[in-house]
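Engineer: Starting off with a structure, shown below.
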Amino acid sequence: MSEAVLYSLVVGATVGLAAGYLGSIMVLEKMALVGDALSHVALPGLALGVLFNFNPLVGGFAFLFVSAVLIWHLGRVTKLSFETLVGATFTLALAIGILLFGDNLDALEEALFGDITKVGAIEAVVAVIISAAVIALTRLIYRKIVLGLISEELAISKGISIARNNLLYLLLVSLTVAVGIQITGTLLVGFLVVTPAAAAKTISANMSRYLLLSSLFGAISAVSGILMSSYFNILPGPLVVISGIAIFVIVIIIRWRKKFTY
């Protein structure tokens, strides 16, 4: 096993854990399309990194960060849903990103679908630190966000700032997406924030199990996809998605058989 694959597995496992954990909130809030669409916003930043010879992931996160703050602010001002605002933003960002890449099709393909050969020790360490920080911060606001979902009035009466927690949550999603781009690319990284949590919700009887399975399914999807990518020598993004969908299908079958049995 090459060092690049080993480092990719570290990145995939840690990002998968963080993405699954974050995604559990997104599925509860019925914001699945937000996680998928938000990932495309990074494309112009990645393109600028390629054009001006700096780390594309820095540019990608910058665009994600600014977009998250902008979407949060517009949501407060216009009262439009996150889905509407993210939908409008991601289509514009996708168009601009493709135009900026121009004829550099290799770089565009890497940005869209990821490339494990570009992952090194520094990227692995950064991914571990960021993923650990994301999980820790998400744990701090998890109950507050869930309480806000149950009753905004009750959350406000307890001194919880729903708007501030939503902003922090969007920024944490942006961080996770930015790190995950190097594995699955902008086109597919949103999958890690949605599908593992959806699969976990299907068979979870309580919140503790839901959180655990969401994180576990995210890590398994990423790791198995990367392993298959290194074995078949193809881009990892699609294989990560296939692995996650396989988990989802297995979970649905298990649930169906239990229901049929009882």
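Engineer: Quick check: is even one residue across segment 64-72 modelled with pLDDT of 80 or more, over 20 Å from Leu170 (Cβ atoms) and polar (S, T, N, Q)?
Structural biologist: Within segment 64-72, not a single residue is modelled with pLDDT of 80 or more, over 20 Å from Leu170 (Cβ atoms) and polar (S, T, N, Q).
Engineer: Condition (residue is within 14 Å of Gln182 (Cβ to Cβ), in contact (Cβ under 8 Å) with a residue 60 or more places away in the chain and under 21 Å from the mean Cα position of the chain (by Cα)) applied to segment 48-59: is it met by at least one residue?
Structural biologist: For segment 48-59, residues within 14 Å of Gln182 (Cβ to Cβ), in contact (Cβ under 8 Å) with a residue 60 or more places away in the chain and under 21 Å from the mean Cα position of the chain (by Cα): present.
Engineer: Moving to a separate point now. Identify the residue in segment 196-233 that is over 20 Å from the mean Cα position of the chain (by Cα) and of a type in the set (Gly, Ala, Ser) and, among all such residues, is surrounded by the most Cβ atoms within 10 Å (Cβ to Cβ).
Structural biologist: Among residues in segment 196-233 that are over 20 Å from the mean Cα position of the chain (by Cα) and of a type in the set (Gly, Ala, Ser), the one surrounded by the most Cβ atoms within 10 Å (Cβ to Cβ) is Ser230.
Engineer: Quick one: Leu80 ticks every box in (1) in a helix (DSSP H, G or I); (2) surrounded by fewer than 22 Cβ atoms within 10 Å (Cβ to Cβ) except a single one, so which number is it?
Structural biologist: (1)
Engineer: If you don't mind, another one. Check segment 141-158 and report whether any residue there is surrounded by 13 or more Cβ atoms within 10 Å (Cβ to Cβ), outside any helix (DSSP H, G or I), out of contact with any Asp or Glu (no Cβ under 7 Å at 6 or more places or on another chain) and not aliphatic (A, V, I, L, M).
Structural biologist: no
Engineer: A further question follows. Looking only at segment 245-262, which residues are at pLDDT 90 or above and touching a helix residue (DSSP H, G or I) at 6+ places or on another chain (Cβ under 6 Å)?
Structural biologist: Ile247, Phe248, Val251
Engineer: Which ranges mark the helices (runs of 4 or more DSSP H) fully within segment 185-262 that have 2 or more residues being touching a Lys or Arg at 6+ places or on another chain (Cβ under 7 Å)? Talk me through it step by step, then tell me what you get.
Structural biologist: Values: elements: 190-203, 207-232, 236-261.
Per the criteria, 190-203.
Engineer: If you go through segment 23-36, how many residues are of a type in the set (A, V, I, L, M, F, W, C) and either out of contact with any helix residue (DSSP H, G or I) (no Cβ under 7 Å at 6 or more places or on another chain) or at pLDDT 90 or above (or both)?
Structural biologist: Adding up the residues that qualify gives 0.
Engineer: Just to verify a result, which residue in segment 101-118, among those that are modelled with pLDDT under 80 and part of a loop (DSSP other than H, G, I, E, B), is farthest from the chain's Cα centre (by Cα)?
Structural biologist: So, considering only residues that are modelled with pLDDT under 80 and part of a loop (DSSP other than H, G, I, E, B), the one farthest from the chain's Cα centre (by Cα) is Asp115.
The values are calculated or read from the model by the stated rules, or taken from the named source; none is laboratory data. Small disclaimer: the values here were computed from a predicted structure and weren't measured. Cβ: placed from backbone, ideal geometry, glycine included. Neighbour counts: every protein chain shown.
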